[in-house]
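The values are calculated or read from the model by the stated rules, or taken from the named source; none is laboratory data. Only a predicted model underlies this, so the values are computations on that prediction, with no experimental measurement involved. Every residue, glycine as well, gets a Cβ built from its backbone with ideal geometry; the counts of neighbours run over all protein chains shown.
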Amino acid sequence: MKDAAPQTIYLKDYTPFGWRVESVYLTFRLAASATRVLSKIRFAPNPDAPDQRFFLHGENLDPISTRIDGSETTPRAVAGGIELDVPDAPFTFEAEVEINPAANTALEGLYMSNGMYCTQCEAEGFRKITWYPDRPDVMAPFSVRIEGSEPVMLSNGNPGASGDGFADWHDPWPKPAYLFALVAGDLVTHPDSFTTASGKQVELNVWVRPGDEGKCAFGMEALKKSMAWDEATYGREYDLDVFNIVAVDDFNMGAMENKGLNIFNSSCVLASPETSTDANFERIEAIIAHEYFHNWTGNRITCRDWFQLCLKEGLTVFRDAQFTADMRSAPVKRIEDVIMLRGRQFREDNGPLAHPVRPDSFVEINNFYTATVYEKGAELIGMLKTLVGHDAYYRALDLYFDRHDGDAATIEDWLTVFEDATGRDLSQFKRWYDQAGTPRLSVTDDFKDGTYILNIKQETPATPGQTRKAPRIIPIAVGLLNPNGDEVQPTTILEMTEAEQSFTFEGLASKPVPSILRDFSAPVILEHEVSNATRAFLLAHDTDPFNRWQAGRDLALDTLLNMIRDGAVPGTDYLDALHTLIRDDTQDPAFRALALGLPSQDELAQMLHDHCETPDPQAIWEALETLKQVRAEAYQDTATRLYARYQVTEPFAPTAEQSAARSLANAAMSMLNRLDGGALAQKQFDDADNMTQQLAALSALIAADKGETAVARFYQQWRHDRLVIDKWFSAQIVHARPEDAAAIAKTLTQHPDFTMKNPNRFRATLGALAMSGAGFHHASGDGYDLLADWLIKLDPLNPQTTARMCTAFETWKRYDTDRQAKIETQLHRILAAPDLSRDTTEMITRILG
Ligand code: PHE
Ligand code: ZN
């Protein structure tokens, strides 16, 4: 069978499939290197799409036999699958194929992970299992029989008969093939149950390898909370008798929402205080929720085609963010999300890989599981909710579930639901789905005779394939403070629809201080000349927690940019305002820890680039180091006090409260670490009984160049635990001095525990290097060279993870000519690798521009 030749697929070319699938029966005869898959599929002509040739996808399948209505036929091999002559009436297609899970290193289709069979079918992996119309608009009920000697054999839906050597499953809900899943192996469960609002009892399991039983309880609690939350918030109940979660060590992504059988990267579900940090716990809770929420937003209502990916992902990310905000602290979650959005999505939106939230073409769909589709997609839902209001939002969602249950839907369907539920015209809002690039808002203001005017201009720079952008509707949340710090105008939503627009506030006694883009009400870059005194004022007085944090962040950015540009010394505006905040024990410790956080090296580089300056990665790193040192010296007494005050004395619990205390204490520890030669960090490392404390101490010791013993001890303590050893790999690279990072990463690739077959380990090593800022961008070019070496090695084994990591190079045009030339050489070297995958070819080609 030939592979499909790389070709571009366009949204405008969408046509429905010429047949409906009425039922699917699959039998798997498991064998590690020769699994047989028998299929029996009932097709009926689709009256809406007549006169098509009958085509089924299939890749790397060894055909054994094919029958139509019981008679043998020989399919014609065509690019990406087969064609057959079929009757002009309903018919039964039967096939037997052989596949080789043991040889499947791409981790797509049916593969082996540590002796366990598992599948990954989104987006187009099912075609590596058997012949099928592998497209999300073809939905069918699946019945599955698994034959094999594995102790546990799972598939989607509800369990049927099982016995010696077989297990039957039936999923009554019609689903696209990308939601199919099968797992078989030596697994143990952490069981529980949940009673739905209508009184239905659901059996819950978290399945893990023997030995990991102790790391399931937290994930199970998160699942039950998610089920209750979706009932309470969206009125959505679970719809099968069982819900299974399986942890898998080798997985390209975070997790997958297969119907009734979610499969998780073990790093996104296994948790214990000794092995997981507070950040891990929060992330695990969010991902469990995310996959569970897909049961309605993704599975019951799926996507018509892959261009509509944001329909399920943007909405589901938005829903999981709401969940985390409800379970923990809403402002903290919002600030964390915006840091992530700016770090990943703004970076993408402002470089060669920029694409609309709903792209209109792709070569390899796996390359479009991006921060733009997911995180910007979620921001669009948030804006929509802000524009229509809370009640109308939930009314529209009820209508969406009502109207589209069982459908494969589009963004047009989604927006029409909102138009019908609210009477609003959303044609301008739709531009957010079609236009790439981050809008920039520039703001000026006037005050006269009690009237305050905000003049706002929006502009979106050109992105690949889109030179001119039309103005979008932007909800801008604004509040006004008077000079005493009292709020004189509570949060109001300005609806900007024009390229330039003025907004007026009347009846003010004096010129107010504006707080603009509260709660980050739109994914835009705000440009507003504000004095540092005003920023300090907002940091102290704004009633909007997000904008308080933003004021502190702006002070830090201003300070750092001045240091980078002309070696200025850090200003007292910033140092004093921050000191006032962190000293104040009435303030949330999590908020204070976030305020002590600094912009990343990458964010600073992007800022300089935005101002038409060429970032020097080494100068950025040095400015950050200097600022941290200056802060440590200025805040020493406060840091000492905070460290003592925020020690958690109760037994470890992964709660928002404890996590807040630990993050502030650890921020204090890393300041003191700069003054005491590592003594406190070493003590914390020695005493730690949880991973949050241990890893923070290890990182501090490495950063202070005092890590040698701790690094060795950590390895001895945790050598049996893959997920902890991932942390060990990445900490050594991320916290290395820039001139050492590439060499350390290279040495670690020679460590016996390094393997490129495990995506987590590959990311912990090469991904850590790619994210190390000045280390990756060191003038020697060694970082570029090492990453390119490994991408070339990984590509034949795992194209998806290789292509994803190519984004390390997406910012190359920011840098000086020397670095650009070095990166360009590596990009061409990768592109020249023999038989480079379609995934990586597309990424490198787009990055080269
Ligand atoms: N659909 C998954 C999620 O976001 C992500 C995923 C995509 C996983 C492709 C595997 C492969 O929940
Ligand atoms: Zn998702």
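For the range 729-784, which residues satisfy the criterion of being under 20 Å from Phe714 (Cβ atoms), among the aliphatic types (A, V, I, L, M) and in contact with a Phe, Trp or Tyr (Cβ under 8 Å, 6 or more places away or on another chain)?
Result: Ala741, Leu748, Ala764, Ala768, Leu769.
Residue pairs, Cβ under 9 Å, 6 or more apart or interchain, first in the range 292-317 and within 13 Å of Tyr400 (Cβ to Cβ), second in a loop (DSSP other than H, G, I, E, B) and of a type in the set (Ser, Thr, Tyr). List them.
From residues that are within 13 Å of Tyr400 (Cβ to Cβ), the pairs are Leu311/Thr410.
Output the residues belonging to the range 622-646 that are in contact with a helix residue (DSSP H, G or I) (Cβ under 6 Å, 6 or more places away or on another chain) and more than 18 Å from Gly571 (Cα to Cα).
Thr638, Ala639, Leu642, Tyr643, Tyr646
Please go through (1) within 16 Å of ligand 2 (Cβ to nearest atom); (2) out of contact with any His (no Cβ under 8 Å at 6 or more places or on another chain); (3) closer than 30 Å to Asp413 by Cβ; (4) not assigned by TED's automatic domain parsing to the domain that holds Ala378 for Glu257 and return the number of the only condition it doesn't satisfy.
Answer for Glu257: the failing condition is (2).
Going by the conditions given, is Ile245 out of contact with any Cys (no Cβ under 7 Å at 6 or more places or on another chain), within 16 Å of ligand 2 (Cβ to nearest atom) and not in a loop (DSSP other than H, G, I, E, B)?
Numbers: out of contact with any Cys (no Cβ under 7 Å at 6 or more places or on another chain): yes; within 16 Å of ligand 2 (Cβ to nearest atom): yes; not in a loop (DSSP other than H, G, I, E, B): yes.
For Ile245, the condition - out of contact with any Cys (no Cβ under 7 Å at 6 or more places or on another chain), within 16 Å of ligand 2 (Cβ to nearest atom) and not in a loop (DSSP other than H, G, I, E, B) - is met.
Which of (1) surrounded by 22 or more Cβ atoms within 10 Å (Cβ to Cβ); (2) within 15 Å of ligand 2 (Cβ to nearest atom); (3) among the hydrophobic types (A, V, I, L, M, F, W, C) does Trp306 not meet, given it meets every other one?
(1)
Name the residue, out of Glu336, Glu348, Glu375, that is modelled with pLDDT of 95 or more, away from ligand 1 (no atom under 16 Å from the Cβ), closer than 17 Å to Phe520 by Cα and of a type in the set (Asp, Glu).
It is Glu336.
Can you say whether Asp320 is within 13 Å of ligand 1 (Cβ to nearest atom) and either of a type in the set (Asp, Glu) or assigned by TED's automatic domain parsing to the domain that holds Asp405 (or both), as far as the supplied structure shows? Even if it seems obvious, please write down each step before you answer.
On the way: within 13 Å of ligand 1 (Cβ to nearest atom): yes; either of a type in the set (Asp, Glu) or assigned by TED's automatic domain parsing to the domain that holds Asp405 (or both): yes.
Yes: the conditions hold for Asp320.
Filter the range 276-301 down to residues that are more than 11 Å from ligand 2 (Cβ to nearest atom) and among the aromatic types (Phe, Trp, Tyr) and give me whichever is nearest to Tyr238 (Cα to Cα).
For the range 276-301, the residue satisfying everything is Trp296.
Restricting attention to the range 165-174, which residues are surrounded by fewer than 24 Cβ atoms within 10 Å (Cβ to Cβ) and touching a residue at least 24 places away in the same chain (Cβ under 8 Å)?
Keep residues of the range 165-174 that are surrounded by fewer than 24 Cβ atoms within 10 Å (Cβ to Cβ), which gives 165-168, 170, 172-174.
Within the range 165-174, Asp168, His170, Pro172, Trp173, Pro174 meet the criteria.
Yes or no: Thr492 assigned to a loop (DSSP other than H, G, I, E, B) and not small (Gly, Ala, Ser)?
Working: assigned to a loop (DSSP other than H, G, I, E, B): no; not small (Gly, Ala, Ser): yes.
The answer is no for Thr492.
Would you mind telling me which numbered condition in (1) closer than 29 Å to Gly351 by Cβ; (2) assigned to a helix (DSSP H, G or I) Thr614 fails?
Status for Thr614: all satisfied but (2).
Quick check, is Leu675 touching a residue at least 60 places away in the same chain (Cβ under 8 Å) and at negative phi?
Numbers: touching a residue at least 60 places away in the same chain (Cβ under 8 Å): no; at negative phi: yes.
No: the conditions fail for Leu675.
Quick check, is Asn156 crowded, with 20+ Cβ neighbours inside 10 Å, of a type outside the set (A, V, I, L, M, F, W, C) and out of contact with any Ser or Thr (no Cβ under 7 Å at 6 or more places or on another chain)?
Numbers: crowded, with 20+ Cβ neighbours inside 10 Å: yes; of a type outside the set (A, V, I, L, M, F, W, C): yes; out of contact with any Ser or Thr (no Cβ under 7 Å at 6 or more places or on another chain): yes.
Yes; evaluated as a whole, the condition is true for this residue.
Any idea which residue in the range 396-430 is surrounded by the most Cβ atoms within 10 Å (Cβ to Cβ), counting only those that are free of Cβ contacts under 8 Å to residues at least 60 places away in the same chain and among the polar types (S, T, N, Q)?
Thr422
For residues that are without any contact (Cβ under 8 Å) to a residue 40 or more places away in the chain and β-branched (Val, Ile, Thr), scanning just the range 363-395, find the one that is nearest to Ile493 (Cα to Cα).
Val388
I'd like to verify a number: residues in the range 207-218 that are closer than 24 Å to Trp169 by Cβ and in contact with an Asp or Glu (Cβ under 8 Å, 6 or more places away or on another chain), how many?
Looking only at that region, the number is 2.
One residue is enough: does the range 757-766 have a residue meeting the conditions of a type in the set (A, V, I, L, M, F, W, C) and over 23 Å from the mean Cα position of the chain (by Cα)?
Going through the range 757-766, the residues of a type in the set (A, V, I, L, M, F, W, C) turn out to be 762, 764, 766.
Now drop any that are not over 23 Å from the mean Cα position of the chain (by Cα), which leaves none.
So far as the range 757-766 goes, no, none of its residues is of a type in the set (A, V, I, L, M, F, W, C) and over 23 Å from the mean Cα position of the chain (by Cα).
Residues in the range 790-801: is at least one surrounded by fewer than 18 Cβ atoms within 10 Å (Cβ to Cβ), part of a loop (DSSP other than H, G, I, E, B) and among the hydrophobic types (A, V, I, L, M, F, W, C)? Show your work before the answer.
Filtering the range 790-801 down to residues surrounded by fewer than 18 Cβ atoms within 10 Å (Cβ to Cβ) leaves 793, 796-797.
After this cut, where a residue has to be part of a loop (DSSP other than H, G, I, E, B) as well, the list is 796-797.
Right, trim to among the hydrophobic types (A, V, I, L, M, F, W, C) and you get 797.
Yes, because at least one residue in the range 790-801 is surrounded by fewer than 18 Cβ atoms within 10 Å (Cβ to Cβ), part of a loop (DSSP other than H, G, I, E, B) and among the hydrophobic types (A, V, I, L, M, F, W, C).
With the requirement that a residue be within 28 Å of the chain's Cα centre (by Cα) and outside any helix (DSSP H, G or I), what does the range 547-595 give you?
Asp588
Quick one: which of Lys822, Lys813, Lys793 is touching a Pro at 6+ places or on another chain (Cβ under 9 Å) and away from ligand 1 (no atom under 16 Å from the Cβ)?
Result of the check over Lys822, Lys813, Lys793: Lys813.
Mind telling me which of the residues Gly211, Gly160 ends up being in a loop (DSSP other than H, G, I, E, B), more than 27 Å from the chain's Cα centre (by Cα) and either away from ligand 1 (no atom under 16 Å from the Cβ) or over 25 Å from Phe318 (Cα atoms) (or both)? Spell out the reasoning first.
On the way: Gly160 fails: in a loop (DSSP other than H, G, I, E, B).
None of the others qualify; the one that does is Gly211.
Out of all the residues in the range 288-316, which are within 11 Å of ligand 1 (Cβ to nearest atom) and basic (Lys, Arg)?
Within the range 288-316, just Lys312 meets the criteria.
Looking at His579 and the list (1) within 14 Å of Lys628 (Cα to Cα); (2) surrounded by 19 or more Cβ atoms within 10 Å (Cβ to Cβ); (3) not acidic (Asp, Glu), which single condition is not satisfied?
Here His579 clears every test but (2).
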